[in-house]
Structure formats: C-alpha cells, structure tokens
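The values are calculated or read from the model by the stated rules, or taken from the named source; none is laboratory data. This structure is a prediction, so every number in the text was calculated from the model and none was measured. Cβ placement follows ideal geometry from the backbone for every residue including glycine, while neighbour counts extend to all protein chains displayed.
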Ligand code: URA
C-alpha cells in the first residue's frame, strides 16, 4: 500500500497487530530514523532490547557499531534512513524467521520503500538478505554482491551483531568487508543523488532525539 506521508505510514505501523510478534512482549513497533527522502536506506533485522525501549532502530550496541562504520565512509546517521525488516521485537532477542521477515517486510518495509524511494539499500545480515533475495541464502557468500529488488540495487553486508561476535583476524577481515560494502553503496547512491549531503559536523544524539518516542511507548500510548 502507498502512504501519502511518513506520519500516515507511522500511524498505520503503530496500529498493526497482524502477526503474533506484536504480542511477544515488546512495547510495540519500532519505526525508522532519518530523513524520508534519503537516497540510502539501511535495513536491519528487528528491534532488540534497547531499540524496544527507545523506539528507534539500531540504537543499541549493534547500532553504535553501525554508526562508526557509517562514519568511516563519511556518513552520519541523520543523513540515512534506517529501519528494520520486522518492526516488533521477537521475544528473547531471537532472530526473526524468514516467514516473519517476509510477512512484516512485505507490508511495512515495502510501504517504506515506496514512500522513501531510496536509490540504494544496504541489507544488514541474513534476515535482510533473504527478504530482498526472496529465498534462503548465506550472508558469507552473498555479501558484497548487488541484488536487484524491484529495480533498486541492494548491497547485502554483515550485520553489526555478527562483527561484535568476531575476534582477531576474523574481526579485522569482516570490518574491512563491511567498509567496502558501505563504500560501494554510498558511492552508488551519491552518483544517483549528487546534491545529497552525507554528513553533519557533529554526531547526532540519537537517543536524545528519541526521548519523546520513548516516553510515549512507556506510557502505553503506542497501542491504538
Ligand atoms: N538489530 C537489528 O537488526 N535492528 C535493530 O534495530 C537492533 C538490532
């Protein structure tokens, strides 16, 4: 479905209770951060504990690593649109299944993509990879290779949570791979949107910007 504005889409996502994930115990759907006209969209897997608490995607430990990786290619978080495949936190931080990803993503992520019209998407980890590819596949073999998603180039790369589990040589290699994947994505998006500004002089304080959203979630107003 196509929504006329970010606000209309956000209201629709907030009132969604179409699948059991909404009842798994989280505070409700976690929406996006970043401008709705950004040429680059970053898609994670699903909210973890910190994200469920604050109501923003990728703001916990994985998000902090993502921010560093983005900065290494000259991007601050306030210049990219960041969202997840599934909007509600799976209980106990489990990985969403492919079916959950397909169900939620084909309703809400598809609507976000229709609204934002990103020039390039970065998919973090295997849940995003499988959603965009439409089939089972492994992230180790697939990362770094462009996928076509309805005419939009998608770059799959490692999820920051994967990097956080690596050490030694494996960590160094994986960090470089993510760097080159993000660089390729930024260069393609910048070529297609030459006037886009990618970086603020100071790092945005994401948690602070989510203060109101967090309050709303904890007051229970998110349940429509
Ligand atoms: N991992 C994700 O993929 N998304 C989040 O929002 C948090 C952790």
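Overview of values
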| read-out | value |
| --- | --- |
| Selected residue [in contact with a helix residue (DSSP H, G or I) (Cβ under 9 Å, 6 or more places away or on another chain) and over 23 Å from residue 65 (Cβ atoms)] from 153, 194, 204, 118 | 153 |
| Every residue from the range 135-149 that is farther than 19 Å from residue 183 by Cβ and in contact (Cβ under 8 Å) with a residue 12 or more places away in the chain | 136, 138, 149 |
| Residue match in the range 2-21 (condition: buried (at least 18 other Cβ atoms within 10 Å of the Cβ), modelled with pLDDT of 95 or more and within 11 Å of the ligand (Cβ to nearest atom)) | no |
| All positions within the range 46-75 that are within 16 Å of residue 121 (Cα to Cα), out of contact with any strand residue (DSSP E or B) (no Cβ under 6 Å at 6 or more places or on another chain) and either within 11 Å of the ligand (Cβ to nearest atom) or not in a helix (DSSP H, G or I) (or both) | 66, 73, 75 |
| Qualifying residue in the range 101-109 (condition: surrounded by fewer than 22 Cβ atoms within 10 Å (Cβ to Cβ), within 14 Å of the ligand (Cβ to nearest atom), touching a residue at least 60 places away in the same chain (Cβ under 8 Å) and more than 17 Å from residue 81 (Cα to Cα)) | no |
